[in-house]
Structures are given as structure tokens and as C-alpha cells.
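Notes for the one structure printed next.
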Amino acid sequence: MDTFWRIWTDLLDVLGIDASNLTHYFSPAAIANNPTRALLLIGAILLAYWFLSLFLGFFFYLLHMMFGRFFWIARVALFTLSCVYILQKYEGDPEHAVLPLCFVVAVYFMTGPVGFYWRRNSNSSLEEKMDHLDSQIRLLNIRLSRVIENLDRGSDQ
């Protein structure tokens, strides 16, 4: 429990929130003495998680709308700037940089191809997806045959 508490206070420090007031009310010793504080802490964590997911969802929706097909450039830029900032902030203490870097990497992968914004036709059936793949393969075969024909014409001359 004490390890989770340290991780939580480090995360709050990274986010710029002063956790010194919270340590008095929500430290593991204070929670062990008063179980209602534990329920309050669990509720606060769930509420914070909900707000964070809403904020990140809205933020990346806006980025996806603004950048469209070039959303990957915004992802890479935000990822790079976040990593540089964290590494500069914890320049002398790399052990404390691990948790924020893991958080940044997790957000980077959540906004990638496995994320909500990249799954366009999630409601489409498997047959439609197979038909789409089949048409893509046909187009690639046509392009390949044209390239081979052009190479044969070039070698004949």
C-alpha cells in the first residue's frame, strides 16, 4: 500500500499538484485509522479517472479532427515533447522518471492503431472487411502487373 501511495504522490507531483496536503488526510496510516477516508479516496480516484478519460478522449478527438490524416505527426510531436520534458525535469534522478515515461508511452499507444480513433468501421461485419481486403489485393495485383509490363517493355527496347 505504501508503494502505491508513493507512486500516486509522484504522479500528482508530475501533474503539478501539491500532494503535501493530501498526505495528511489520505496517507496509508490515516486510511487505516478511518475507513470512511478509504471510501472517499476510492471515490476520488474513480472520479479522477473518469474526468481524465473524458479529457483525453475529447483532446484526441480534437487533434484527430484538426490534423485528419496527419494525426500521427501530432502524436509523435506530443510524445517527443513529453519525453524531453520529463527527462529534463528528472535529469539527476532517473528512477523518478520511469513512472511518468510509462504513462506517456501508454497514452501514445492508446492513441495509436489500437485506439478508438483508428477503428473506423468497428460495426461492419467480417464479410465486409474480407471484401475490402480482397479488393485491396486485386488493386495491388493490377499495379504489380503494370509494373512488370513496363519493365518488360523497357528491357525489349
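The values are calculated or read from the model by the stated rules, or taken from the named source; none is laboratory data. Because the structure is a prediction, the values reported are computed rather than measured. With ideal geometry, Cβ positions are generated from the backbone for all residues, glycine too; neighbour counts draw on all protein chains shown. For the accessible areas, the whole protein counts, side chains as well, though only heavy atoms, and no ligand, DNA or RNA atoms are used. Shrake-Rupley method; radii C 1.70, N 1.55, O 1.52, S 1.80 Å.
With respect to the conditions (1) exposed (fewer than 10 other Cβ atoms within 10 Å of the Cβ); (2) modelled with pLDDT under 75, residue 23 lacks only one, and its number is (1).
Taking the conditions (1) open to solvent by less than 90 Å² (accessible area, probe 1.4 Å); (2) at pLDDT below 85; (3) closer than 30 Å to residue 13 by Cβ in turn, residue 79 satisfies each one other than (2).
Count of the stretch 53-69 residues, restricted to those that are loosely packed, with under 12 Cβ neighbours inside 10 Å and among the hydrophobic types (A, V, I, L, M, F, W, C), is 6. Once the stretch 82-108 is narrowed to residues that are among the aliphatic types (A, V, I, L, M) and over 15 Å from residue 11 (Cβ atoms), the residue that is most open to solvent (accessible area, probe 1.4 Å) is 87. The C-beta contact set for the stretch 1-28 (first residue of a type in the set (Ser, Thr, Tyr), second residue at pLDDT below 70 and surrounded by 10 or more Cβ atoms within 10 Å (Cβ to Cβ), distance under 8 angstrom, 6+ apart or interchain) comprises 9/22; 9/23.
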